[in-house]
Every structure is written in C-alpha cells, then in structure tokens.
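Worksheet for the structure shown next.
Readers should treat all values here as calculations from the given coordinates under stated rules, not as data from a laboratory. Given the structure is predicted, the values throughout are model-derived calculations rather than measurements. With ideal geometry, Cβ positions are generated from the backbone for all residues, glycine too; neighbour counts draw on all protein chains shown.
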Amino acid sequence: MTGIKAINNSLRELAVAAFGPLDLLPQDSLAEKLIGLELHGVPAGPPRLTSGLAALADRLAGLDTRDTEVVVFGGGTGLSNVIGGDSRNPTWPRDPFRGMKEIFPRTRSIVCVTDDGGSTGELLRDFPLIALGDLRHVLLSSVQQARLQRVYGLDAQGAALVVRVLHDLFNYRFTARPDNVATLLAQARCDMAALPAAMGQGLGDLLARLFTDQRFEPALGRPHCLGNLLLAMAIYREVEQGLAVSGAAILAGIDWLAELIGSYAGAVLPCTTTPACFKALYANGVLATGENRSASARRGYPIERVFVEFVDAPQVPEAVLAAIARARIIVFAPGSLFTSIVPILQVPGIAEAVRKNTDALKILVSNLWIQKGETDLVRDDPRRRFYVSDLVKAYHRNIPGGVRGLFDAMLVLSLQDIPGNVLQNYALENKVPIFFDKEKVQALGCNPVEAGIFSHDALTERQVIQHDPGFLARAVRTVWACRDHLPGREKSALPVGCEPAPPLIKRDHETPNRRMHGMIERLAGLRMTDTAREQVTEVLWQHWDIPLGHLAFFDGVELVAVADWPRSQEWDNIFSFYEPESRLIKIRDDISQRPYYFELAFLVGLGQSLLGNYAALKAMQPLETAGEQLGSLYRITLCPPDRRRCFFNEVELRRYLCLARMKQSDAEPHSFTRVVNGDEGFTPPGLFFGLTYAWYLDNRFASHIEYKMSIFRMGISELIPYQATMYHRRRELVDFFRQVVFGHDEAAYAAGLGDQRQLPQA
C-alpha cells in the first residue's frame, strides 16, 4: 500500500494552491485528469507546476498491482480484448501480451456461455456442452509471456513465436472434413515443431484424439474453428465414454488447456457449467430463443427483457464464487449489451456475490457502438438514439436486483480526440456511437469517468475505433489508485430493481444436441427426398423455438413440379400449403433451389399443419341484396372433435379463429364466418396461421403480417378509438402464439411484459 499512500500525499500537496498543477489537466473529474496524465503524459507548463505532475505520473505508472486479484466479466470479443487483445484478429500476434493480464497478472475471466452461432452452434448439435467459443477466444488472449518463459524456459522471442503458432492453430477454420492430423496442420499452415516439446505433445495428443475418438466423428464433418474442437476434446479427455459431461470435467478440461498454452488454472472460468440458452422478449410480445437468431432476425422493436433458460438447475462453479469474493477489482467488460454481461448476472448467485464483496472496486466499461438488434432501438422511445444512460437502464431492468451495488465507476470512451472524418465514415456505414449523456448517467447513481481509451493503432491502420487493451488496463489501474477520491454515489433516479426470480429451467431438460437427435429421428420416418430432408433439418435447427411436438402433424414434404402446381397465385405468392388429406406439406419444386424461399415456404406449411384437418368444410358464398353482389361470405365448418387431428384443443382452436376475425355462429357453434367486401383480398385462417407462424419465428418472413403488426409502432389516436381495438387484437394474437403455439407461458415472461409496458385502453 506504500505506492497508494505516496499517490495520496502527492494529491494533497498538488491540491493546496488556488491554481494548482492539476488545473493544467483539461479533464473534468480527478479520475479523468489522472487517466489523462497516465496515458498522455505531463502537459506543457512551468516547471514549478509540472514537476509535481511528473512525479505523480511516475508513481501511477509504477504502482505495483502484480498481486491484486481481479475478476473480469464478459463475452467473447469484448472480454478477450480487455484481457489481452482480440486473439481472433490477424494482427494480434504482433503485440499479444498487453491488457489486464500484463498489469494485473492475477486476473480471472468469468465468461458468458449462451453463444450459439458459428462453430459453437455446430458443436451444440453433437455435444451436451455449454457454449465454448467465447471461452476459447478468451483462453488464447490469456496467454502470459512470463508463464511461457517460466514454464517452458523461453526467451521473449521464443514466447512471441509460440503465440503466433497458437494463433494459427486456434483460429483455423475448416469447412470440409480433414483427412488426418497432418493434412489439417498443413491446411492451417501451423508449424507444431516451433512449440516447446511438452506443449506440442499435449496439443498433438488432442489433435490425434479428434480422429480416433468416435464421439467426434460427426463434428469433423461440420464447419468448425479448430480451437473449439481442441477445447471440447480437452474436456472429453476427462470423460471415458458417452457424451454426458460433468461440471468438474468441464473445469478440468479448461484448466488443463490453459496451463498447457501458457495461462494458469482458473484464469478462465465459465459462469455456469449448465447448458443454457438466451431468450429475448421484444416490445411487440415476441419471445425469440437463441443469441444468433435474435441478432439476425432484426425484429424492428426494442428488447423489453432478456432471460436465460437453463437445461437443468444452474450450477455455478465454486471457483467463480471464490474468485468474486477475493477480488479487489471487478470489471464488467464491454460487449453486446444483452448477450455478454446480463446472462452472467442472471445466473443465480453471481450478482449477489458481487454485491457482497463491498471491498472491491467495481467498474463497468461502456460499449462504444450501437449494435443492430440490441441497442439500435430505445425501449423508452424507439424514435431516438441510444445513450449511455439507456445502457444503465437496460442493465438495471434485466439484472436481478438491478445495478445496486454492482458499479462504483463507469469508464466511458471520450470521442473528442477522434477525428470527425472517422466518425463521419462510420455514420455512412450506419454505425453510430452510443452517446454519452453525463448528467443523466450521474442522476442514475453512476460515477462516469470519460477517457480516451481507444486504440490509436487500430484507428491509424484500419480506421476503426475500438478499446485499446493497454490503455484500458492502465485506466483501470489509475481508477484503482484514486478510488478513495471517487465522488460518493448520488441518489439514483432508477426505480427499485427487479426482484431475483427462480431460474428458468426447460421443462423437458432437453439440450440442443438431444433436440437435434429427436429431429433426425422424426424426419427419418417421413416422406421426402434426402435433399429436402437435409433442408428441413437445417431450417428446424436454426429455429430453436420450434418444439419437437410441432413435427407430429405432417407425414412428409412433397416437391411439386411447376407445371403441376394446383394452387392459384391470384391472391398470394406463397408457394407451399399443407394438405390435410395426405398430411403432406407441398412446396413448389423451383422454390427448393432458393434457401430463403424454401425456409419461408416450409415454415408456412409447418404452421398450417398444426391446424391439421380442423375444417370439415370451407366455402365462399356470394352476398347479394336486391340482385347486387356486395361481397362474399367465407364459411368454415369445424371437423367434429373426435375426428380432428390438430395441435390445439377445442378452446384454443376457437380462440384462434376469433383472433383471425372469424365470427362464431350463435345458431351453429361449430360454424365460423367472415364477410369479405367486394373484390377485396382475404387471407383464410389456415394461410394466416402459417404466415403468422413464420413471421413470429423471423419477421423478415411474411411482410404481410409485419404490415399488420406495424400498429405496435404507432401512437394510438384519440380521434380513432378503433385503433385501440386493433392494437389489443393484434397483441392478443402475438400472445396466443407466444403462450399457446410455442409454449412460453412461464410467469417470468408474463411479468416481463406486464410490469414494463403501458398498453392503450381498448
């Protein structure tokens, strides 16, 4: 503590004069001034003023933090960059030993495990594992020069060479099945001979096992990042047979690989060893499962709440809770707002463990850029840009207990030193920074610290703006040094945070790989070509919200030649339909050559199949008066319940038909009608259901339905009360699909809607 006492003495001496040396530093708060001094050096000025600043700068830079315990939370790229630079970047091996691991060697990363895209998603098809991609990414960034030198007897040049080889090995991606280890290494251009003998032997053993362990046979046939396979194999070294894996095996595998490549056991920890998935509840009532699906769907509505759903009761490694309890500094790394920090803090016990450590300095690093699908729309007002205060509110809304006791300070990137033409170029690419509204952030009870912690090299070489791992680590060290001088937390304008709720646990305890096997078994017995079966399997895998129960109401997919297509396209261009008599989904053959349209066509047909043979009779009858045809009357007569094959029970089916604007007859309860005016178009209930089914899963599909749902973006006019009726009817339709069709009826989801949204009155 001698260094900190000396810094405090310097601060007292420099603050005595009316115009003191600290006034030479242009920043506002003391923390901002000290970070500016540490990063940019002593400003020009009279020696009588600058000499004390120079001494202070030396003491800040020389503060010994080698034994300071640090915990950093985050996801892949943001956390990796904070720890030691983005290890996926091709330029990373040029300077791989910077960041938190350099200044704080006793840094432990606690990583989010709900990613499901890319190679990670491919692994989930075959193994009941947590997501490994972000763990692999952070693991490589955690390699320390000192450990490579101490464990393997390397000099600085040798350590740098090892990192280059590891970078090539862990980041190599293949799309075609490799024949053997030698071919794989040749394709990766990886010289294993450059590695220390023990490291090369350990990694070579993992590579060999990939081709001899039958559990990995399916995985080798999929596109993969080799580093993910190596990490998975390190875990399965601990499992003699079968796919079931314990939390202890996961941790042992990660630790073994960490020590092998030059990090240390416990340096990288998963927030939970229980497989889990991410769910986003949007302001229009749609609940989407999966990070990848949420990001790609571009819902067009702000995210209301996010949830983590666990396969089983979530297990938090004891090492995670122990690391949090021992930490002197806790950092929340920048990254995707809803898919990096929030899922970690929704794991039961973690947020509370952070709050209980009242001795630690807790720093939130703000994101730099708006992210499509997450922070491009503001919940409170979708018409305006996203600000840092919106970031804080989103954390508060989605973290059990809110942000109370989590953030002592908030590091925010200063944009004032970034050339205007660079920001202009970003704007032309539709990339917008998250703007810093300092007064509002302060009013929320945070201590914002603005600093120029962006990478000058990345700006110069690639014209990109990103956090600089070295600057960020030095900024954290500076805030740590002056923590006693941080302003007291103001009374927060935030409401009381949401109470911790029981974790969401899948009722069927089904892991993604078990779902995959269930899909394959079901589709194997259905009538369709092998090519169509592969296409359907891929569509179903991409949409995790489709339960296996939805596959029970059709017996196959038939591709129909264009010349034989039986449906008129006068009113729509949906080239698929479900035929109740044959229980087949029929798709026009030419559509099968166009993946996007095949996906849409199949989803529409799959949705229609849930209605099954619900209608015994469908008829369109003319409506005439005084010899003049005014329109038509569309009539449906329901199939008797004892002969009906349908996903819905009687109450649910009748509820849907009413939502589709069919009127139940008072005289004949099994009869439903709808008046169609003149020659207006009309979407029958079956097609409407199929379109809404596809739209719910991905609103890029079925623009007809998206148009109907656009009322959620409008203000309800007092001049047209009927708007409120339409609003509520469409809301009820979305709720029906969320709750009944896709089975998301948990109280937590309902609470997420009920306590956050003010609905207009009908």
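Taking the Cβ-Cβ separation of Leu630 and His704 as r and a Förster radius of 25 Å, what is the calculated FRET efficiency to the nearest 0.05?
Numbers: r = 25 Å, r/R0 = 0.99.
My answer for the efficiency is 0.50.
About its Cα centre, the dipole of the chain is roughly 920 debye, where the only charges are +1 on Lys and Arg Cβ and -1 on Asp and Glu Cβ.
Quickly rank 347-355, 217-225 as a protection proxy: mean count of other C-beta atoms within 10 Å, highest first. Working shown, then result.
On the way: 347-355: 19.8, 217-225: 16.8.
Ranked by mean Cβ neighbours within 10 Å, highest first: 347-355, 217-225.
Overall, the range 525-713 carries a charge dipole of about 440 debye about its Cα centre when +1 sits on the Cβ of Lys and Arg and -1 on the Cβ of Asp and Glu, all other atoms neutral.
Would you mind working out the magnitude of the charge dipole of the range 25-138 relative to its Cα centre, with +1 at each Lys and Arg C-beta and -1 at each Asp and Glu C-beta, to the nearest 20 Debye?
320 debye
Its relative contact order, with pairs defined as Cα atoms under 8 Å and 6+ residues apart, puts the chain at 12 percent. Label-to-label distance, Asp437 versus Ala248, with points set 7 angstrom from Cα along the beta-carbon direction: 5.2 nm. Between 0 and 90 degrees, the angle of helix 388-398 with respect to the longest Cα principal axis of the chain falls at about 60 degrees.
Here the Karplus relation 6.51 cos²θ - 1.76 cosθ + 1.60, evaluated at θ = phi - 60°, turns the backbone of the range 199-215 into coupling constants of 5, x, 5, x, 5, x, 4, 4, 4, 5, 4, 4, 9, 10, 7, 4, 5 Hz, with x for every Gly and Pro. For the range 474-561, applying the loop criterion from DSSP together with a ceiling of 11 other beta carbons within 10 Å to the trypsin sites (Lys or Arg not before Pro) yields Lys491, Arg507. For the range 623-745, the gyration tensor built on C-alpha atoms gives an oblate shape. Its axis ratio a/c (a ≥ b ≥ c) is at least 1.5, and a/b is not larger than b/c. In the chain, a dipole from Cβ-located charges (positive for Lys and Arg, negative for Asp and Glu) runs towards its positive end, and of Tyr749, Ser703, Gly99 it is Gly99 whose Cα lies farthest in that direction.
The alpha carbon centroids of the range 523-576 and the range 313-348 are separated by 42 Å.
Couplings 3J(HN,Hα) of the range 82-99, computed from phi: 5, 5, x, x, 5, 6, 8, 5, x, 8, 4, x, 5, 8, x, 10, 8, x Hz, in residue order, whole Hz [Karplus 6.51 cos²θ - 1.76 cosθ + 1.60, θ = phi - 60°; x for Gly and Pro]. Between amide H atoms placed 1.01 Å from N, distances below 5 Å from Val331 occur with Val71, Val72, Phe73, Ile363, all of them 5 or more places distant or on a separate chain.
With a cut-off of 15 Å between beta carbons, the residues surrounding Leu210 carry a summed charge of +1, where Lys and Arg count +1 and Asp and Glu -1. The residue list Thr273, Leu321, Pro448 was ranked by how far each Cα lies along the charge dipole of the chain toward its positive end, using unit charges on Cβ atoms, and Pro448 comes out on top. Other residues with beta-carbon under 9 Å from the beta-carbon of Leu361 carry, at +1 per Lys or Arg and -1 per Asp or Glu, a net charge of +1. How far, in degrees from 0 to 90, does helix 2-14 lean away from the longest principal axis of the Cα atoms of the chain, to the nearest 10? The angle comes out near 80 degrees. For the pair Asp95 and Glu461, label points projected 7 Å from Cα toward Cβ lie 0.8 nm apart. Amide H to amide H distances under 5 Å link Leu154 with Gln149, where only residues 5 or more positions off or on other chains count and H is placed in the peptide plane. Amide H to amide H, with H built 1.01 Å from N, Arg305 comes under 5 Å of Leu281, counting only residues 5 or more places away or on other chains.
Distance between the C-alpha centres of the range 58-122 and the range 447-503: 15 Å, rounded to the whole angstrom. The residues packed around Lys101, meaning those with a beta-carbon under 12 Å from its beta-carbon, carry a net charge of +4 if Lys and Arg are +1 and Asp and Glu are -1. Dipole of the chain (Lys/Arg Cβ +1, Asp/Glu Cβ -1, origin at the Cα centre): which of Met233, Val71, Gly121 lies farthest to the positive side? With unit charges placed on the Cβ atoms, the residue in question is Val71. Only lysines eight or more places from Lys279 in sequence, or on another chain, were considered; those with a Cα closer than 20 Å are Lys372, Lys393, Lys506.
Highest mean first, how do 727-733, 628-634 rank when packing is the count of other Cβ atoms within 10 Å averaged over residues? Walk me through the intermediate numbers first.
Working: 727-733: 17.6, 628-634: 14.1.
Averaged packing, sorted descending, gives the order 727-733, 628-634.
Only lysines eight or more places from Lys618 in sequence, or on another chain, were considered; those with a Cα closer than 17 Å are Lys663.
Listed here are the pairs Lys33/Lys101; Lys5/Lys356; Lys438/Lys708; which of them are more than 28 Å apart at the Cα?
Working: Lys33/Lys101 24 Å; Lys5/Lys356 26 Å; Lys438/Lys708 39 Å.
Pairs exceeding the cut-off: Lys438/Lys708.
Here the range 539-582 is scanned for amide nitrogen atoms under 17 Å from the site 7 Å beyond the Cα of Thr531 along Cα-to-Cβ, giving 539, 557-564. Take the Cα of Asp359, step 7 Å toward its Cβ, do the same at Ala186, and the gap between the two points is 5.8 nm. Relative to the longest principal axis of the Cα atoms of the chain, the long axis of helix 512-524 lies at roughly 30 degrees.
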